[in-house]
Amino acid sequence: MMTKKRNAKALAAAGATLLALAVGSATQAEDDTREMVEMPTIMQEHMLGNMRDHVRALEDILAYLADGRGKDAADVAEARLGLSSLDLHGAAHIATFMPQPMQEAGTEMHRAASRFATLATEAEVDMSVESQQALFGALSEVTQACNACHAGYRIR
């Protein structure tokens, strides 16, 4: 029972921190030093929709991993984040508006997601500590690629 309360408090604190960061970043937009990437409003909305789906995919992946369902996590990773998802997200159309390094960061995120999907499928069979560490390391590579792009670029 104590663990559940502790976990709930930790989740609440994490949520409050994320909210504070979101509010703080909105008020500091004028001080934003990231490179502005110009694109039509419709493409901005499309890109933001894609990124929101990426975050939802990460949420689904983590939920599946927490439930011990590596194959389901792998399926989500490949279909919604991996190289197989490029057509779904209209990557070729959006890429024409991106500087080359931004394109490379996006491609690296998709590659990392595909690598994660492969490892997650294997982890379903091999539940060793080493396998799980590799799995979470691969998932970290996905979020590192996301963070690298978000740290360097903005569209609004």
Over 15 Å from the mean Cα position of the chain (by Cα), surrounded by 12 or more Cβ atoms within 10 Å (Cβ to Cβ), free of Cβ contacts under 8 Å to residues at least 60 places away in the same chain and closer than 17 Å to ARG154 by Cα - does that describe any residue in the range 46-55? yes
Count of the range 103-136 residues which are farther than 14 Å from MET51 by Cα, of a type in the set (Gly, Ala, Ser) and modelled with pLDDT under 95: 5
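Give the range 59-75 a look and list any residue that's within 12 Å of the chain's Cα centre (by Cα) and surrounded by 19 or more Cβ atoms within 10 Å (Cβ to Cβ), or say none. Show your work before the answer.
Step one: of the range 59-75, the residues within 12 Å of the chain's Cα centre (by Cα) are 59-62.
Of everything in the range 59-75, just one residue is within 12 Å of the chain's Cα centre (by Cα) and surrounded by 19 or more Cβ atoms within 10 Å (Cβ to Cβ), namely ILE61.
Looking at the structure I just gave you, is GLY90 within 20 Å of HIS46 (Cα to Cα), at pLDDT below 90 and either more than 15 Å from the chain's Cα centre (by Cα) or in the same structural domain as ILE42 (by TED's automatic domain parsing) (or both)?
Values: within 20 Å of HIS46 (Cα to Cα): yes; at pLDDT below 90: yes; either more than 15 Å from the chain's Cα centre (by Cα) or in the same structural domain as ILE42 (by TED's automatic domain parsing) (or both): yes.
When the stated conditions are applied, GLY90 passes them.
The values are calculated or read from the model by the stated rules, or taken from the named source; none is laboratory data. Being a predicted model, the structure only gives us computed values, none of them experimental. Note: ideal-geometry Cβ built from the backbone for every residue, glycine included; neighbour counts use all protein chains shown.
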